[in-house]
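Contents: one structure, followed by commentary.
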Amino acid sequence: MYPYPLITFPDGSGISLYEIFIVVGVIAAIVLFRILADRRNLPAKLQNLILIGAVVSFIVGYFFAVLFQAIYDIAERGAFIIDKNTGATFYGGFIGGAACMLLIYFIGGYLLFKKQNNEHLCWFPSFVNIAAACVPLAHGFGRIGCLFGGCCYGMETDAWFGIPMDIGAMDHVYVKVVPTQLFEAIFLFALAAFLIWRNWKGKGFCLPAYLIGYGVWRFLIEYLRDDDRGQTFLSFLTPSQLTAVVLVLIGCALIAAYFIIVHKKGKAIFEPPLPVGKIEKKSESGTLTKDGTDAKK
């Protein structure tokens, strides 16, 4: 834990390891997106649109992260207050950032591809598969930032894996707690690796896998958290647990919707356009050469 500024500005503000790891996470996600987008042959101008959208969505997402935290704090602080003591919650940033990214993708994609039969719509499944791998990678670095920042900590413990942290009023009184931030970072990196592998192999269902996987994890890890969790209309669930349940349900609904659509319209509706210069032909065996001819002929 090291919540102190590494760089201090004249007005008293500064940059700590918390902010540094958040920026590292964003950069890592952008680099990963570029690699996977090239692997899955996304058009260059669509990639550029998404990268611009990612930067804008990060800024919008941070605003929503603080906004959601202020809402969570109403029960404790007695009013809706946003000040220097207001933290930020991942779910708020995720929801706000995702909504912003979708608006940019569909509106910007329409303007870019309206003369090309709205080709961006065909690339949307590939985009969400890639995005599903980028989010946990960035989030994992963010959780390491939380470990250094002293937020999102776990319950007090005497276990060997406990980490002394200066929690509460930052009064330099260290308490040994469960390092939930570290545990979550490890889980998120593992989840990101799994989704990167699926993208690299051209497989789908990455978004449902992320929503269900992280939703279940977040629901369970909340029982080990000891920072202020906020309240919901369900007294036995924290706001994060309630949101986690919603994410799992959305993930299950996406899987069900996929099979319903495939049953009615076939798998081709989810297949992206072929890169320019390649021909798509399907033989009875489904095996093709690069020029589109039947490999068995």
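The values are calculated or read from the model by the stated rules, or taken from the named source; none is laboratory data. Predicted model, so just to flag it, every value in this text is computed and none were measured. Ideal geometry is used to build each Cβ from the backbone, glycine not excepted, and the neighbour counts take in all protein chains shown. Note: accessible area is taken over every heavy atom of the protein model, side chains too, but ligands, DNA and RNA are not part of it. Shrake-Rupley method; radii C 1.70, N 1.55, O 1.52, S 1.80 Å.
General observations
- Each of the GluC sites (Glu not before Pro) that DSSP puts in a loop and that has at most 13 other Cβ atoms within 10 Å breaks the chain; the longest unbroken stretch is 1-279.
- Residues with amide H under 5 Å from that of I167, placed H, sequence gap 5 or more: V175
- Principal-axis tilt of helix 90-113 within the chain, Cα atoms, nearest 10 degrees: 30
- The helix-only estimate of mean residue ellipticity at 222 nm for the chain, built from DSSP H runs of length n ≥ 4 each weighted as -39500 (n - 2.57), is -20500 deg cm²/dmol after division by the residue total.
- Here r is the Cβ-Cβ distance between F124 and I255 and R0 is 22 Å; the resulting FRET efficiency, rounded to 0.05, is 0.85.
- Among the listed pairs K45/K203; K203/K265; K45/K264, those beyond 27 Å (Cα-Cα): K45/K264
- Heavy atoms of R39 accessible to a 1.4 Å probe, total area in Å² rounded to 10: 120
- Angle between the chain longest axis and helix 239-265 axis [Cα atoms, degrees, rounded to 10]: 10
- One equal scatterer on each Cα of segment 26-138, no solvent, Debye formula: the resulting log10 I(q)/I(0) at q = 0.10, 0.13, 0.19, 0.20 Å⁻¹ is -0.35, -0.55, -0.93, -0.99.
- Rounded to whole Å, the principal axis extents of the Cα atoms in segment 192-273 read 48, 28, 16, largest first.
- Chymotrypsin sites (Phe, Trp or Tyr not before Pro) within segment 127-209, DSSP loop, no more than 11 other Cβ atoms inside 10 Å: W160, F161
- Dividing the convex hull volume of the alpha carbon atoms of the chain by its residue count gives 171 Å³ per residue.
- Scanning residues 5 or more positions from M155 or on other chains, those with amide H under 5 Å from its amide H are V178, D226, with H placed 1.01 Å from N in the peptide plane.
- 3J(HN,Hα) along segment 139-156: 5, x, 5, x, 5, 5, x, 4, 4, 6, x, x, 9, 6, 7, x, 6, 5 Hz, from the Karplus curve 6.51 cos²θ - 1.76 cosθ + 1.60 with θ = phi - 60°, whole Hz, x for Gly and Pro.
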